[in-house]
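Scroll down for the structure; my scribbles are underneath it.
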Amino acid sequence: MLSDDLRQLAHETIDHARRWNDDADHTVAGGLLTESGHVVLGLNTYHFLGGPCGEIAALSNHASTAPDDPIVAVAAAYGPTGDVIAPCGKCRQIIFDTSPSIRFVVREANGLTARTAEELLPFAYDWRDAERPQRIYMWEGYESAIRSGAKRQTIRIDDPFRPGQADLVFEKDSGDVVSIAATVTDVRSVPRSELTDDDAKRGGFDTLNDLNAALDQHYPGLQASSAIDIVAFTLSKR
């Protein structure tokens, strides 16, 4: 079920698609809902070299009429039928680049609903990642040992990291998410068989046997020859 403002966005986009549809070069309308509640419309232009989609035309109109009024939602409609349609891959990526939180009006089994650009494109390339600290997800049971300094490294399998800023992230069973600022100081790749008691102690374990038991629990089937990354870190303030 849509909110009133998203319902109005869908209706205006459908009306625009039907009005200007010519069954040839102009068949899809795009509509943008802005933060202030204004709807900006656009129309596709078909060309065999790849003309602009309706959503892209609406983005251009938004840039020339309301650039300071942020976009919060997008809809697209097919003129010949008046159906709301999902955005193509290119439009999903462009809107995602504008803001992953922008919502798309899409049709699901129970009717029209809204999904964010991030939900429609979960593995999109995100240029913002280069400006963010890397995120290292940790089991919530390690939080106290990390805060106390007893645990100063983590062992990772197929989860590469690099020296530099990082956020240690704890997604808890309660639903809370806790993040601790840190700096990755060193990454060392070795076979599992070369782990030592010192590695175990820096990882917050009493003995190497305890560390190996934890590895078997987290990574069933891990072999002695399996390559692992030892990621050392210190807590930091930002």
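So what's the net charge close to Thr207: Lys and Arg +1, Asp and Glu -1, counting the other residues with Cβ under 10 Å from its Cβ?
-2
May I ask for the angle, rounded to the nearest 10°, between helix 89-98 and the longest principal axis of the chain, with both axes built from Cα atoms and the value confined to 0 to 90°?
70
Report the extension gain between Thr65 and Glu35 in nm, rounded to one decimal, defined as 0.36 nm multiplied by the number of residues separating them, less their alpha carbon distance.
9.4 nm is the gain from fully extending Thr65 to Glu35.
Using the Cβ atoms and a cut-off under 11 Å, what net charge is assigned to the surroundings of Pro87, where Lys and Arg are +1 and Asp and Glu are -1?
Neighbour charge sum, excluding Pro87 itself: +2.
Across the range 23-35, in residue order, what do the Karplus-derived ³J(HN,Hα) couplings come to in whole Hz, using 6.51 cos²θ - 1.76 cosθ + 1.60 with θ = phi - 60° and x for Gly and Pro?
Values per residue, Gly and Pro as x: 6, 9, 8, 10, 10, 10, 9, x, x, 10, 9, 9, 4 Hz.
Please give me the summed charge of the neighbours of Arg18: other residues whose Cβ is under 15 Å from its Cβ, Lys and Arg +1, Asp and Glu -1.
-4
Could you check what % of the DSSP bridge pairs in the chain are antiparallel, to the nearest 5?
Here the share of antiparallel DSSP bridges comes out near 85 percent.
Can you list the residues, at least 5 places off or on another chain, whose amide H is less than 5 Å from the amide H of Ile228, using H built in the peptide plane?
Placed amide hydrogens put Val190, Arg192 under 5 Å from Ile228.
Can you compute 3J(HN,Hα) from phi for each residue in the range 183-198, using the Karplus curve 6.51 cos²θ - 1.76 cosθ + 1.60 with θ = phi - 60°, rounded to whole Hz and x for Gly and Pro?
Each residue's phi maps through the Karplus curve to give 10, 6, 9, 6, 10, 10, 9, 9, x, 4, 4, 9, 5, 10, 4, 5 Hz.
When the Debye formula is applied to the Cα atoms of the range 147-202, each taken as the same point scatterer, what base-10 log of I(q)/I(0) results at q = 0.13, 0.23 Å⁻¹?
For the range 147-202, the Cα-only Debye profile gives -0.42, -1.13.
Can you give me the Kirkwood hydrodynamic radius for the range 4-120, using every pair of distinct Cα atoms, in Å to one decimal?
For the range 4-120, inverting the mean 1/r across all distinct Cα pairs yields 13.7 Å.
Hey, what does the equivalent ellipsoid look like for the range 132-235, semi-axes from the Cα gyration tensor as sqrt of 5 times each eigenvalue, largest first, whole Å?
Gyration-tensor ellipsoid for the range 132-235: 21, 15, 13 Å.
Can you tell me the mean projection area, over all orientations, of the convex hull of the chain's alpha carbons? Units nm², please.
17.9
On average, how much area does the Cα convex hull of the range 92-141 cover when viewed from any direction, in nm²?
Across all orientations, the range 92-141 yields a mean hull projection of 5.3 nm².
Once the cut-off is 18 Å, how many percent of the Cα-Cα pairs in the range 50-102 end up in the long-distance tail?
Roughly 31 percent, rounded to a whole number.
Treating cross-link reach as a plain straight distance, find the lysines whose alpha-carbon is under 29 Å from the alpha-carbon of Lys172, omitting any fewer than eight places away in the same chain.
Answer for Lys172, where 29 Å is the Cα cut-off: Lys151, Lys201, Lys237, listed by chain and number.
Values in this text are rule-based calculations from the coordinates and carry no lab data. Worth saying up front: this structure is predicted, and the values here are computed from it rather than measured. Here Cβ is always computed from backbone atoms with ideal geometry, including for glycine, and neighbour counts include all displayed protein chains.
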